[in-house]
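Data block below; observations after.
The values are calculated or read from the model by the stated rules, or taken from the named source; none is laboratory data. In this text the structure is predicted, and so the values were computed from the model without any measurement. When we count neighbours, we look across all protein chains shown, and the Cβ atoms used for this are built from the backbone with ideal geometry, even at glycine. Surface accessibility is based on the protein's heavy atoms, side chains included, excluding ligands, DNA and RNA. Shrake-Rupley method; radii C 1.70, N 1.55, O 1.52, S 1.80 Å.
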Amino acid sequence: MWRLSACAAVALLHRGEVSPLELIDAALARIAAVNPKVNALVTLGEERARAQATRMMQRPPEARGLLAGLPIAVKDLNDVAGLKTTYGSPIFKDNVPKRSDIMVETLEANGAVPLAMSNTPEFGAGANTFNEVFGETLNPWDTQLNCGGSSGGSAVALATGQVWLATGSDLGGSLRTPASFCSVVGLRPSPGRVAAGPGEQRFDTLSVNGPMARNVEDVALMLDAMAGWHLEDPVSLPKPPESFLTAARRRVKPGRVALAVTPAGLPIEPEVIAVCRGAAAKLAASGIIVEEASPDFGGVGQAFQTLRAVDYAASMATLLKNHRDQLKPDIIWNAEKGLALKPDEIGRALLRRSRLYGDVVAFFRDYDALILPAAPILPRDVKERWPRRINDTTLDNYVEWLKLAALVTMTSCPSLALPAGFSADGRPVGIQIVGKPRGEADLLSIGLFVEELLGLRDRVPIDPVSP
C-alpha cells in the first residue's frame, strides 16, 4: 500500500476497503524498513495516531473527512498537540505543545492523521536539512548527497514511500528546493491560502505552509484539506467553491508560457539549465508558445534578504538574548543583520516588493505561467552546509543561493515545483511553474498537464541508494 498515490489510498479509505489503522501499519512497516537509511522522520506518534484513527473509525467512511484517515507527516516546525515538536533546535528538544498549529488542526478536521514529524534544519534556516537534535537527512537518490531544505525530511519521506502526503513550508525555497532535489512535487501557495499560527508574526506574507506529495493530483488533494479561512489568521483566504483537485484534473494546456533560466542574471549550474530547457522544448513541441521572458527582478533578491532579516530580528531577538550559545551561527548572523538595518533600507525593500507586484500583474496579462529552475544547483555533498560557489560566483552567506526561489517568494504568486529530469550522473532536477496571483487552481491544472507531458511521475517511491 505504500506505493499507492494519496488519491488512490484515500479512495480505498472512503470505500471502506482499507482502514486508517491498516494504513498506519503499512506506513510504520515502510518507515522501519527505510527511515534508518535516510533519517527523514524524526519523531513517531504511533500511539496518538492509532487513538485518532480508532475514534475516526467509529464513524462511517463517508463521514471521516476529505482524507478519511490518511496518515501524513508534519514538518517539525509546526506544532502537533501532544507530540514532541522541536523546530530542529536544542532549545526545544523536549518541547511537547498543548495545541496544534492551525494548519494541523485544519488537516485533522479534514481527516488527516499525523503519524510522524519530518526533519528540518534549526528553525527552518538554511536549505540543507540537518540539526543538532536529530542529525542529517540524506538524499534517497544518493545518500552521500543532501536533500535540500528546510522541508527536506518531508521530501525524503515522500520519495521513499514512508507517507503519502507531508507538510512543507517555504520562505526562500524551503519547500521547492527539496522537491527539486528529491524528485517530488511541492506547492508554495499564495500567502493566506493555508491558515497558520497563531504566532507572533500573524501578518507575515513571506513564509507560507504548503502541501508536498509525489504527484500533482496528490498535492491538489492535500491543498483541499489544508486551505481555508481562520479567524486567528488575519491574512487567511476563504476556501474556493470548487476543489483544487477538480480544477487540476481539467489538465488545461497553457497557450503561452515564459521561460527564465537565469532570472536577474543569477548563477545557475549548466546541467540545471539544460534540463529546464529540455522541459521547455517538450512544452513547445506540444504546441505551447514558449518565450524567454520574465518580470523585472532587478534588486529583488537583495530586497528579500532585507525583509527576511527583519523577520529574523523580530522572531529571534528573545532567543538571541537568552540562548545565543545554542543557536547555529547562520541564525545569529541573520538576526543581527536585521537588528542592524536602518529604516530607509527597510523602506526601499518594501517599495521594491510593491513595484514587483505591479510588474507581475502586467506580466501575467501576456503569459499563462512562468517557468524557472526550482533550485540553482544539483544536490551536493551532505557535508556542505551551504554552497560557497555557483559556477564562477562566490557566495558570501547562506542566504545568497536562495535568491532564485526568493524572487518568486517576493511576487506572492503560487509556485509549483515538480520533477523535470536528471543530470548525467542521476541527480534530480526540478522546475518551478509560477502561476497568476492567487491562481492555484489554474496553476495545478497546468501543472498536471506538464507533469504528464514530462512523464516522470512514476519514478518515486524508491528505495534509498547508497553508492
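Quick rundown of the values:
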| quantity | calculated |
| --- | --- |
| Residue tally, condition open to solvent by less than 20 Å² (accessible area, probe 1.4 Å) and either over 17 Å from the mean Cα position of the chain (by Cα) or of a type in the set (A, V, I, L, M) (or both), over segment 122-139 | 3 |
| Count of segment 247-292 residues which are touching a residue at least 60 places away in the same chain (Cβ under 8 Å) and touching a Gly at 6+ places or on another chain (Cβ under 8 Å) | 7 |
| Test: residue in segment 158-172 that is open to solvent by 10 Å² or more (accessible area, probe 1.4 Å), under 23 Å from PHE364 (Cα atoms) and not in a helix (DSSP H, G or I) | yes |
| Qualifying positions in segment 36-62 - open to solvent by 20 Å² or more (accessible area, probe 1.4 Å), part of a helix (DSSP H, G or I) and hydrophobic (A, V, I, L, M, F, W, C) | ALA51 |
| Subset tally (residues that are touching a Gly at 6+ places or on another chain (Cβ under 8 Å), part of a helix (DSSP H, G or I) and either open to solvent by 20 Å² or more (accessible area, probe 1.4 Å) or of a type in the set (Gly, Ala, Ser) (or both)) for segment 434-467 | 1 |
| Residues that are of a type in the set (A, V, I, L, M), within 25 Å of the chain's Cα centre (by Cα) and open to solvent by less than 50 Å² (accessible area, probe 1.4 Å), drawn from segment 6-35 | ALA6, ALA8, ALA9, VAL10, ALA11, LEU23, ILE24, ALA26, ALA27, LEU28, ILE31, VAL34 |
| Within segment 419-443, tally of residues that are among the small types (Gly, Ala, Ser) and under 20 Å from LYS253 (Cβ atoms) | 4 |
| Number of positions in segment 80-112 that are over 17 Å from the mean Cα position of the chain (by Cα), free of Cβ contacts under 8 Å to residues at least 60 places away in the same chain, assigned to a loop (DSSP other than H, G, I, E, B) and buried (at least 20 other Cβ atoms within 10 Å of the Cβ) | 3 |
| Selection status of ALA179, farther than 30 Å from GLU62 by Cβ, in contact (Cβ under 8 Å) with a residue 60 or more places away in the chain and part of a helix (DSSP H, G or I) | yes |
| Yes/no for CYS147 being under 27 Å from LEU66 (Cβ atoms) and open to solvent by less than 10 Å² (accessible area, probe 1.4 Å) | no |
| Inter-residue pairs, beta-carbon under 6 Å, first over 15 Å from VAL460 (Cα atoms) and in segment 2-20, second assigned to a helix (DSSP H, G or I) and at pLDDT below 95, 6+ apart | HIS14/PRO61; GLY16/PRO61 |
| Residue match in segment 146-157 (condition: touching a residue at least 60 places away in the same chain (Cβ under 8 Å), farther than 28 Å from ALA303 by Cα, assigned to a loop (DSSP other than H, G, I, E, B) and among the β-branched types (Val, Ile, Thr)) | no |
| Options THR43, THR54: the member that is of a type in the set (S, T, N, Q), free of Cβ contacts under 8 Å to residues at least 60 places away in the same chain and more than 26 Å from SER243 (Cβ to Cβ) | THR54 |
| Looking only at segment 220-261, and only at residues there that are in contact with a helix residue (DSSP H, G or I) (Cβ under 7 Å, 6 or more places away or on another chain) and among the β-branched types (Val, Ile, Thr), the one that is nearest to GLY430 (Cα to Cα) | VAL261 |
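Residues checked against (1) surrounded by fewer than 19 Cβ atoms within 10 Å (Cβ to Cβ); (2) at pLDDT below 95; (3) under 26 Å from ALA362 (Cα atoms):
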position: GLU232; (1), (2), (3): yes, no, no
position: VAL235; (1), (2), (3): yes, no, yes
position: ALA247; (1), (2), (3): no, no, yes
position: LEU266; (1), (2), (3): no, no, yes
position: PRO270; (1), (2), (3): yes, no, no
position: LYS282; (1), (2), (3): yes, no, no
position: ASP296; (1), (2), (3): yes, no, yes
position: ALA303; (1), (2), (3): no, no, yes
